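Here, each number is a calculation from the coordinates, and none is a lab measurement. If you're wondering where the values come from, they're calculated on a predicted model, not measured in any experiment. Note that we place each Cβ from the backbone using ideal geometry, even for glycine, and neighbour counts take in every protein chain shown.
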Amino acid sequence: MSPQTTRQAFITGLRDAHAMERKSLKWLERQAERTGSYRQFQDRMMAHARETREQIQRIDRCLSELDQRRSIMKDLTMSMFGAASGLADDMFLGAAVARSAFEHYEVAAYRSLIVLANNCGCGDAAARLNKSLEEEKRMAEWIDDNVEEITRTRFASDERPHEDDRTRPYHHAA
Ligand SMILES: [Fe+2]
């Protein structure tokens, strides 16, 4: 692949990653609102939302170094994760399982972008993106380590429902 083509692929990948992170941020904020019955899960969603805001800024910086304007960014449709986030709207467990899929997707996206950044000679961008990769790996690992506990807590809270859970769809789904 010629350097110009690699550069174009890097720019396209950065735009896609920007849309991916914006989608992730919206979804994290929604999940944080709806998982109040499991405080540890909610806290981790909120912490990752803060990381995601910084990740968006890192991508912005990479794009501005490449002279790309934010206004020309396309929106990523991400139909697969659109469906997963629909599940997360309705089910507490769906939120955890879909979040796991999304974080692993982000890990792969950053790994690919870092290769492109290095191939383009953009070492600073690669280092910046590597920070985001490490955050995504930690988040994916946290979900992997906690999905069983989240499930147990979900069913334990069914025995003693919180007042504000009673009107939520997932309370009636189990
Ligand atoms: Fe993430």
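Sorted ascending by nearby beta carbons within 10 Å, beginning with the fewest, 39, 138 become 39, 138.
Computed over the stretch 16-66, the quotient of the alpha carbon radius of gyration and 2.2 N^0.38 Å is 1.29. For 5, 153, 52, the sequence from fewest to most other C-beta atoms within 10 Å is 5, 153, 52. The distance from the alpha carbon centre of the stretch 20-68 to that of the stretch 95-120 is 14 Å, rounded to a whole number. Model label sites at residue 60 and residue 33, defined 7 Å from Cα along the beta-carbon direction, differ in position by 2.3 nm.
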